[in-house]
Amino acid sequence: MIRGLAAACALALWATPVAAQTVGIFANHADIGDTATPGSLTYDAGRYRMTASGANIWGEKDAFHYAWVQRSGDLHIAAGIAWEGKGKDPHRKAGLMMRQNRTPGSPYADVMVHGDGMTSLQYRAEQDGPTRQIVSAVLHPSRVRLEREGNFVTFSVAGADGKLVHAGGSYRIAFQAPVLVGLAVSAHDNAVTETATFSNVEMQVPSLAYVPDTGYAAKVESTLEVIEVSGVQSRRVVRHFPGKIEAPNWTRDGKALVYNADGRIWRIPVEGGEPVAIPTGRNIRNNNDHGISPDGNSLVISDQSEPDNLSRIYVLPLAGSERPRELVSDPKARSYWHGWSPDGKTLAYVRVGTDDDSYDIWAKDLAGGPARPLIVGPGVDDGPEYSPDGKYLYFNSTRSGAMAIWRANADGSDPVQLTRDPDRRDWFPHVSPDGKWIVFVSFGLDVALTDHPPNREDVALEIMPADGSAPPQVLTRLFGGQGTINVPSWSPDGKQVAFVSYRLVR
């Protein structure tokens, strides 16, 4: 009965009309949620000045002042945002918002500039659900823009020059038309009020070129990100790239990420900065199947520089080498590395036969000797990765009729299916350093059973217990796929995972 009453009250608030208070381009403004002091909005000489109390825009419910106008479809809203005064709380928030309704727990997306300069894309995907965020690498932006394109929201930021550039990161959220679009301020302390000004506010429908083929030929921008696997599961932008990068590894000292782009292997500080190429000699057609040895000293690469274009596997020092050591060269197969045994002695890789297109899992000892099959048919077997104790091998396979995550003994025996959602295609399981969790990338049914293409909308990063004792939970949703998280990418402390999200250039 109480639950029903609460729902009725929420619906009533949703529908309750607010007397029109047109200010500038906005049809109305009002307080949302529990605000101790009524907010206000004025417009003069091209600037909006908003004052508000409210505890926060976060969690399952918000408290802030909002100015809005109804809009539908694709939309960009941009403004310069400046705070008045030093303020009481460094996390006071002023920003641009798209909101489904006027309830405190409404689905929404916004770009918030905090009092301390931190800027993030916040979003609540479900009514009364939790809030998540993607933190920009840029502090104290001179201007920000919130962007809705299809079912994705993303954002851009500008430095001192005022030029807006994509901040990176996006989230898939399905708003129902129309949405409320406008300006928002919360004091982050309901006992006080804070004031922010919004200058040169622009609201535009973007002109987006049609992209007939979003596959490998499509031009994309890339964002290297890290996500917390527990708590609020915040995403943080390490760096945004104007072109394509793929497959981050996390170095064992926790200080850097390693990824591939333009056929080379690159290293970048995990806090952001300038990437530096790792020398790989004549091997300059590296693909996204690379990784770091358990002791952190060596790098394994999968490279296609030979004239036959077959992927071969090489090992070299993490610092680089002009002469990487060839370890796997199969004249009848393409070989893609995926796993390194915790004792450092054995590599697990995917062997793709050139004569029969078979996808099987093989192993090769670094000390030498012949390669040997571990997991062979039926169907596609891919993405092998060892557990930290060396007892198990995790992989994805179609042997059940769906692309699912499996676990076998390290020698390939006794495979056990771990994921069972018939509506998902699950790929590339990565095991946490303590062996308790696996993270993997999951596609929808818009992809073929045996495919893991790039640039797909229905893509999620999911997490589940490594023993399969509980079903997967979604960490985040993104525009991505191939290249997002092909290889091991857990932080050494097991608290974060690195990945790549994408955006079509159009």
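Taking only the C-alpha atoms of the chain, the Rg (one decimal) and the largest Cα-Cα distance, Dmax (whole number), read 24.7, 80 Å.
More than 14 angstrom separation, counting every C-alpha pair in region 40-113; what % is that? Could you put the intermediate results ahead of the total?
Working: 1784 of 2701 pairs.
Counting pairs separated by more than 14 Å, the tail of P(r) holds 66 percent.
Simple spin-label estimate for residue 304 and residue 213 gives 1.5 nm between the two label positions (7 Å along the Cα-to-Cβ direction from each Cα). Toward the positive end of the charge dipole of region 21-204, with +1 on the Cβ of Lys and Arg and -1 on the Cβ of Asp and Glu, the farthest Cα among 91, 45, 129 is that of 45. Helical content of the chain, expressed as a calculated mean residue ellipticity at 222 nm, amounts to -1000 deg cm²/dmol (DSSP H runs of 4 or more residues, -39,500 (n - 2.57) each, divided by residue number, nearest 500). With Cα atoms as the point set, region 180-222 shows a radius of gyration and Dmax of 19.4, 54 Å. Divided by 2.2 N^0.38 Å, where N counts the residues, the Cα radius of gyration of region 220-504 comes to 0.91.
Summarising the overall dimensions of region 298-454 from its C-alpha atoms, the Rg and Dmax are 15.5, 46 angstrom. Under a model in which nothing but the beta-carbon of Lys, Arg (+1) and Asp, Glu (-1) is charged, region 301-449 shows a dipole of about 260 debye around its Cα centre.
On full extension, the segment bounded by residue 74 and residue 34 gains 11.3 nm, given 0.36 nm per residue less the C-alpha separation. Dividing the Cα radius of gyration of region 21-67 by 2.2 N^0.38 Å, with N the residue count, gives 1.19.
Basic side chains Lys and Arg get +1 at the Cβ, acidic Asp and Glu get -1 at the Cβ, and with that the dipole of the chain about its Cα centre reaches some 900 debye.
Scanning the chain for chymotrypsin sites (Phe, Trp or Tyr not before Pro) in DSSP loops with at most 12 other Cβ atoms within 10 Å, what's the longest stretch left with none?
Here the longest run is 217-506.
Say the cut-off is 30 Å between C-alpha atoms; which of 255/391; 86/244; 86/163; 345/495 go over it?
Working: 255/391 28 Å; 86/244 40 Å; 86/163 26 Å; 345/495 27 Å.
Check vs 30 Å cut-off fails for 86/244.
Treating each Cα of region 374-506 as one equal point scatterer and applying the Debye formula with no solvent, the log10 of I(q)/I(0) at q = 0.11, 0.12, 0.16, 0.18 Å⁻¹ comes out as -0.35, -0.41, -0.74, -0.95. Note on residue 409 and residue 116: their simple-model spin labels are 5.2 nm apart, each label 7 Å out from Cα toward Cβ.
Read the figures in this text as sums done on the coordinates, not as results from a lab. As the structure is a prediction and not an experimental result, all values here were calculated from the model. Cβ atoms come from the backbone with ideal geometry, glycine included; neighbour counts cover every protein chain shown.
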